[in-house]
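The values are calculated or read from the model by the stated rules, or taken from the named source; none is laboratory data. Please read these numbers as outputs of a predicted model, since none were measured by experiment. Methodologically, a virtual Cβ is constructed for each residue, glycine included, from the backbone with ideal geometry; neighbour enumeration extends over all protein chains shown. For the accessible areas, the whole protein counts, side chains as well, though only heavy atoms, and no ligand, DNA or RNA atoms are used. Shrake-Rupley method; radii C 1.70, N 1.55, O 1.52, S 1.80 Å.
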Amino acid sequence: MDFALTDEQREIRQAARDHLERHYPPLRVCALAEGPGGSEAGAWPELIRQGWLDDDLGMVELTLLAEESGRCLHPTPWWTTVALAAPYARAAGEQLTVPATFADGGGTVRPARSPQGWTLTGQVAAVPQAGAVRCLVVRADTDQGPAVFACDTGSAGLVVAELSTLDTLRRMARVRCDGTPARLLVGPDRAAEAARTARLRGGVLLAAEAVGVAAGALDMAVAHARQREQFGRPIGSFQAVAHQLTEAYVDTESARSLAYRAAWLVQHEPEAGAQAVDEAVLVARSAAVRTCETAIQITGGMGVTWEYPLHRWLRRALWLEAYPGFGDDPHDRVAERLLRRADPDEITPTAPDGR
Amino acid sequence: MNLHDDPAEAAFRAELRDWLRSRLPDDDPSRTWSTAELREWSRDLSAAGYAGITWPREYGGRGLSAAYQAIFVEETARAGAPDHINIIGMNMVGPTLIAHGTDEQKARYLPGILSGRTLFCQGFSEPEAGSDLAAVRTSARRAEPDGYLLDGEKVWSSYAHLADHCLLLARTGPAEPKHQGLTCFLLDMRAPGVKVSPLRQLNGDTDFNQIILTDARVDDADVVGEVGKGWSVALSTLAHERGTFGITLTARLVAQFDRLLRLVREVGAEDDPAVRRELAVLHARLQGLRYTGYRSLAALRRSGEPGAESSILKLEWSLLHQRVCALALRLQGPAALLDGGDAAWHGYWQRQRLRSRANTIEGGTSEILRGIVAERVLGLPRSRQ
């Protein structure tokens, strides 16, 4: 067993951090959050140049990029592209290179087939980043069962209406389509398998982003606790302050271990990864929320102002906690596998102890 | 990154697992081991080559990496095996002597530690020196021409009632600054002036002892390291304790969690939503703890030092174990009122519930550990002057 990043993986992480820190200091992120799109459209070619959408990135590498993205709230549609849409393109043997997202139109969007090809009609109530992307990957029910389609956001009959959103850096939008031309990506015969894989990959990257959100908030709070003085001392020297930050560190490291483990398993043993992904999502989501809350507590009166950037991180943590895209509450699935052992192989990800 | 054993590790694990299965067919948590049984078990472990796994070959060890020690603790925990009776000698005193001992001390003690013939205990903590270990008061007065006389009281010493020798921290320089006047000694526990009595814990068990020293004699040849340098020797001993200790604790908690699942099924609580939610959280966090331990082990292999993340292991372990034991008692409902022979599993969970209360105190209190993380990992300013 060797549970460590390779040198190349460390380099990828460092390069990602350098790129993001250079382009997206907190003040810039806050400005974008209040701007029209909540995201930087012009950044895409640079991301492609830097290899963020390369086909050969493994799950661990993507996990590191998602973690770094979470750390600074990377304000582009990269996460929705790789975490939500790309797994379906991948299942179709395609590579996504334009900003994209996923819309679950199961039960609300109706595909129709004509001599010119497929069209979609219906609506999806809340789609993340739909206003900021160029490609929509849409799940819709055909007569043969669920299938997955792709359409251009500029297509005829497609209307995207942005909604007021808790996290303005990842805005939700209502998508309506009316006879919108679409391309079949994954047919009903393979849609269930594609959805399963997409849930695993998306779950890992959701956990990874949550780890980054927690780590970014913790960094800010620690920096504040080192320099902010009250009663003539830096407040980080008070145990009541220091110990809260320590608890946040414990949560974050534990979540990071689970996210890396889940990433490796989904890449190397996808059939064994479901339990590991659920565990990573469960721990990382709560680590992100708790750490952001702690960070705001430590930054005190400043932390609760609009101008101080931390509420953006808390909003992202709450977004990640509420996002329903990967199935029901993972708690119950984890407990079910533990108690029923319906599929014992699935919960034997590593040799050490048989679980 | 690879989450599987390499072929050599897998072979070591398989062989050990077979050996354990032949010796301990089933995990019976309520089994109690007599001292004679523990001695026999430990002799067999040593004879089978499972003592001193990470010790250098020149001192009779197997010279294997910490990854093998981790496999050993995982498999023994899984089998419900007890500790080697000389665990303190093997994991703390031996490595300390290898690092700081004289050739004579190594020749005299190391073979006996490995074989289990010479049992060790440790005498660091005192009534007035707990978290603040450098405050030890036990005095070592010069007894010319070639020794010292020890006076004082040591507490929380495991195995002291069985031990032949003790690695002990005492004050040789009462006038010197706190951390400088300390020296480490090897004390013969049968020497005149050494009195051992059991400390009874809140659950009624007696895992630890008090050692009263009254003019107990040690020779110059029994000094470990240099006179006045006892603090750095003690720190290295504690570092050895913390090396794969986190993995040991985690492995036992994994086995303990399996017992908890067994209990959930026994009491028919599989469908209780509150129980399910707590099980999911505990299991997920336990896996987080486990894989954080593996991360630390990989860092140890690369750099010789466990990574920063290793500082959280004991902290997180103690809280999770307390939650596991608390749930086990809640599951029993009113039957949790009983104990001993009238309770489920002969009162195993009652004893564990009470015993686990000490987990956040022993081996470094949670408060001290959080302080260490705050200062050394997060780089926050020191809280005490």
Original post:
If you take the residues of region A:313-343 that are of a type outside the set (D, E, K, R) and open to solvent by 70 Å² or more (accessible area, probe 1.4 Å), which of them is modelled with the highest pLDDT?
Top reply: A:322
Original post:
Of the residues that make up region A:227-237, is at least one of a type in the set (Lys, Arg) and under 15 Å from residue A:204 (Cβ atoms)?
Top reply: no
**OP:** Name the single residue, out of those in region B:178-210 being in a strand (DSSP E or B) and hydroxyl-bearing (Ser, Thr, Tyr), that is most open to solvent (accessible area, probe 1.4 Å).
**Re:** B:197
Original post:
So which residues in region B:342-383 are away from chain A (no Cβ under 14 Å), open to solvent by less than 30 Å² (accessible area, probe 1.4 Å) and either of a type in the set (Gly, Ala, Ser) or not in a helix (DSSP H, G or I) (or both), if there are any at all?
Top reply: B:343, B:347, B:356
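Tell me whether region A:68-90 contains one or more residues that are of a type in the set (A, V, I, L, M), in a loop (DSSP other than H, G, I, E, B) and without any contact (Cβ under 8 Å) to a residue 60 or more places away in the chain.
no
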Subject >> Condition met for residue B:321 (touching a residue at least 60 places away in the same chain (Cβ under 8 Å), assigned to a helix (DSSP H, G or I) and more than 21 Å from the chain's Cα centre (by Cα)) >> reply: no
**OP:** Mind listing just one residue for me: the one in region B:39-79 that is open to solvent by 30 Å² or more (accessible area, probe 1.4 Å) and among the aliphatic types (A, V, I, L, M) and, of those, nearest to the other protein chains (Cβ to nearest Cβ)?
**Re:** B:64
Original post:
Mind checking whether some residue in region B:166-174 is without any contact (Cβ under 8 Å) to a residue 24 or more places away in the chain, of a type in the set (S, T, N, Q) and not in a strand (DSSP E or B)?
Top reply: no
Original post:
Any idea how many residues of region B:324-365 are among the hydrophobic types (A, V, I, L, M, F, W, C) and either in contact (Cβ under 8 Å) with a residue 24 or more places away in the chain or in contact with a strand residue (DSSP E or B) (Cβ under 8 Å, 6 or more places away or on another chain) (or both)?
Top reply: 12
Original post:
Across region B:211-251, what is the number of residues that are surrounded by 18 or more Cβ atoms within 10 Å (Cβ to Cβ) and part of a strand (DSSP E or B)?
Top reply: 6
Subject >> Flag if residue B:97 is modelled with pLDDT of 95 or more, assigned to a helix (DSSP H, G or I) and more than 14 Å from chain A (Cβ to nearest Cβ) >> reply: yes
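Among the listed residues A:248, A:272, identify the single one that is within 12 Å of chain B (Cβ to nearest Cβ), open to solvent by less than 10 Å² (accessible area, probe 1.4 Å) and either within 16 Å of the chain's Cα centre (by Cα) or over 23 Å from residue A:339 (Cα atoms) (or both).
Numbers: A:272 fails: either within 16 Å of the chain's Cα centre (by Cα) or over 23 Å from residue A:339 (Cα atoms) (or both).
Among A:248, A:272, only A:248 is within 12 Å of chain B (Cβ to nearest Cβ), open to solvent by less than 10 Å² (accessible area, probe 1.4 Å) and either within 16 Å of the chain's Cα centre (by Cα) or over 23 Å from residue A:339 (Cα atoms) (or both).
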Subject >> Members of region A:166-206 found to be β-branched (Val, Ile, Thr), in a helix (DSSP H, G or I) and surrounded by fewer than 23 Cβ atoms within 10 Å (Cβ to Cβ), listed by number >> reply: A:197
Original post:
Which residue out of A:172, A:220 is closer than 30 Å to residue A:38 by Cβ and within 14 Å of chain B (Cβ to nearest Cβ)?
Top reply: A:220
Original post:
Can you name every residue in region B:1-29 that is surrounded by 12 or more Cβ atoms within 10 Å (Cβ to Cβ), in a loop (DSSP other than H, G, I, E, B) and of a type outside the set (D, E, K, R)?
Top reply: B:1, B:3, B:4, B:24, B:29
Original post:
What single numbered condition from (1) modelled with pLDDT of 95 or more; (2) over 28 Å from residue A:219 (Cβ atoms); (3) in a loop (DSSP other than H, G, I, E, B) fails to hold for residue A:101?
Top reply: (3)
Original post:
Within region B:286-301, is there a residue that is open to solvent by less than 30 Å² (accessible area, probe 1.4 Å) and more than 30 Å from residue A:7 (Cβ to Cβ)?
Top reply: yes
Subject >> Search result, residues across region B:123-150 that are within 18 Å of the chain's Cα centre (by Cα) and either open to solvent by less than 40 Å² (accessible area, probe 1.4 Å) or not assigned by TED's automatic domain parsing to the domain that holds residue B:215 (or both) >> reply: B:123, B:124, B:125, B:126, B:133
**OP:** Go through region B:302-317 residue by residue and tally those that are open to solvent by less than 30 Å² (accessible area, probe 1.4 Å), touching a residue at least 24 places away in the same chain (Cβ under 8 Å) and more than 18 Å from the chain's Cα centre (by Cα).
**Re:** 0
Original post:
Looking at (1) closer than 20 Å to residue A:72 by Cα; (2) in contact with a helix residue (DSSP H, G or I) (Cβ under 7 Å, 6 or more places away or on another chain), which is the one condition that is false for residue A:275?
Top reply: (1)
Original post:
Regarding residue B:277, is this residue surrounded by fewer than 17 Cβ atoms within 10 Å (Cβ to Cβ), within 8 Å of chain A (Cβ to nearest Cβ) and part of a helix (DSSP H, G or I)?
Top reply: yes
Original post:
Just wondering, is there one or more residues in region B:80-94 that are in contact with a Cys (Cβ under 7 Å, 6 or more places away or on another chain), in contact (Cβ under 8 Å) with a residue 40 or more places away in the chain and either surrounded by fewer than 22 Cβ atoms within 10 Å (Cβ to Cβ) or not in a helix (DSSP H, G or I) (or both)?
Top reply: no
**OP:** Search region A:284-312 for residues being touching a Leu at 6+ places or on another chain (Cβ under 7 Å), open to solvent by 10 Å² or more (accessible area, probe 1.4 Å) and within 23 Å of residue A:201 (Cα to Cα), and hand back the single one that is nearest to the other protein chains (Cβ to nearest Cβ).
**Re:** A:285
Subject >> Of all residues in region A:1-59 being charged (D, E, K, R) and part of a loop (DSSP other than H, G, I, E, B), the one that is surrounded by the fewest Cβ atoms within 10 Å (Cβ to Cβ) >> reply: A:56
Original post:
Can you name the number of the only condition in (1) among the aliphatic types (A, V, I, L, M); (2) out of contact with any helix residue (DSSP H, G or I) (no Cβ under 9 Å at 6 or more places or on another chain); (3) over 30 Å from residue A:58 (Cβ atoms) that residue A:184 fails?
Top reply: (3)
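Restricting region A:141-165 to residues that are open to solvent by less than 30 Å² (accessible area, probe 1.4 Å) and more than 10 Å from residue A:191 (Cβ to Cβ), which is nearest to the chain's Cα centre (by Cα)?
A:165
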**OP:** Mind telling me which of the residues A:254, A:286 ends up being free of Cβ contacts under 8 Å to residues at least 40 places away in the same chain and closer than 20 Å to residue A:65 by Cα?
**Re:** A:254
